[in-house]
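In what follows, a structure is listed as structure tokens, so that the remarks can point back to it.
The values are calculated or read from the model by the stated rules, or taken from the named source; none is laboratory data. Treat the numbers as computed from the prediction; the structure is a model and nothing was measured. Here Cβ is always computed from backbone atoms with ideal geometry, including for glycine, and neighbour counts include all displayed protein chains.
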Amino acid sequence: MTTMNGNEKFITVTPIISWAEIWQNCRDSRWLLWMLEWVSCSEAKLRLFACWCARQSWRIVGEVIYEDMVEMAELYSLGEAGRQQMVSLWENRQGGAVGSGICGIPKGPSGAAAQLASFQTCREDAKEAAWQGAIYSAKAAGFKAAEEEVEPLLWRRTCEEKRQEGHRKVSLIDNNPSAAKEAEDMARAEQADGLRQIVGNPMLRDYMEMPVPAQTLAYWMTWGFVPEKTCRTDGSSVLIF
């Protein structure tokens, strides 16, 4: 507290926050993955995290899906399988994964999201595998929460009403968005803990290339901003806020 023009004023001093602190305390896997865009992290660790997300989705839906893909990705990460073996398995399963993406995700079944989370583990780009695995596993959590809250007859009525309003696609999440969001947030917090277990804290040694000050990122997190993935027409993806 200080005195200005005879009046007492309270001055708020914002503590300096380090990148290491942000990494250690962040409860959203999307921010940790965004931070890894700017520091060194091995492909093996990123792929192991994608596998962790796939296994998380299995726990969420209560079903093991594409276990052979997850095991192949883990073996490749540990140097016990070849890259071509992994890529071939990815190519062989593309039809089923595309079907889940087109038919399953818009309707919202948690199993379709878990299938896609498992499929991502053998994606050739490990960084993209980690991002997509985390996204689909969180979606599985949201869909599962909505499925548990839905009443079948009421859901059919909701779908019919939305179609009459001109909606071509109706998601289960529309039935209970608050439950879905809470479940997704919990899944991302669990993912953040899992990623820290695999990667450690890279900010203790390598943070000089970060594009914004740690304090700025702390403010973004406080105000609820999150990085999201969006796809370009050429199939590549970029981070947006």
message: Here is a check on your reading of the model: is Ala134 under 15 Å from Ile60 (Cβ atoms), modelled with pLDDT of 95 or more and touching a helix residue (DSSP H, G or I) at 6+ places or on another chain (Cβ under 8 Å)?
response: yes
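To keep it simple, each residue is scored yes or no on (1) surrounded by 21 or more Cβ atoms within 10 Å (Cβ to Cβ); (2) modelled with pLDDT under 95.
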residue: Arg30; (1), (2): no, yes
residue: Ser40; (1), (2): no, yes
residue: Lys45; (1), (2): no, no
residue: Cys53; (1), (2): yes, no
residue: Ser57; (1), (2): yes, no
residue: Val64; (1), (2): no, yes
residue: Leu78; (1), (2): no, yes
query: Which of the following residues is modelled with pLDDT under 90, within 29 Å of Phe143 (Cβ to Cβ) and in a helix (DSSP H, G or I): Met86, Met35?
result: Met35
task: Check whether at least one residue in the range 183-190 is at pLDDT 65 or above, surrounded by fewer than 19 Cβ atoms within 10 Å (Cβ to Cβ), hydrophobic (A, V, I, L, M, F, W, C) and closer than 30 Å to Asp68 by Cα, and report yes or no.
output: yes
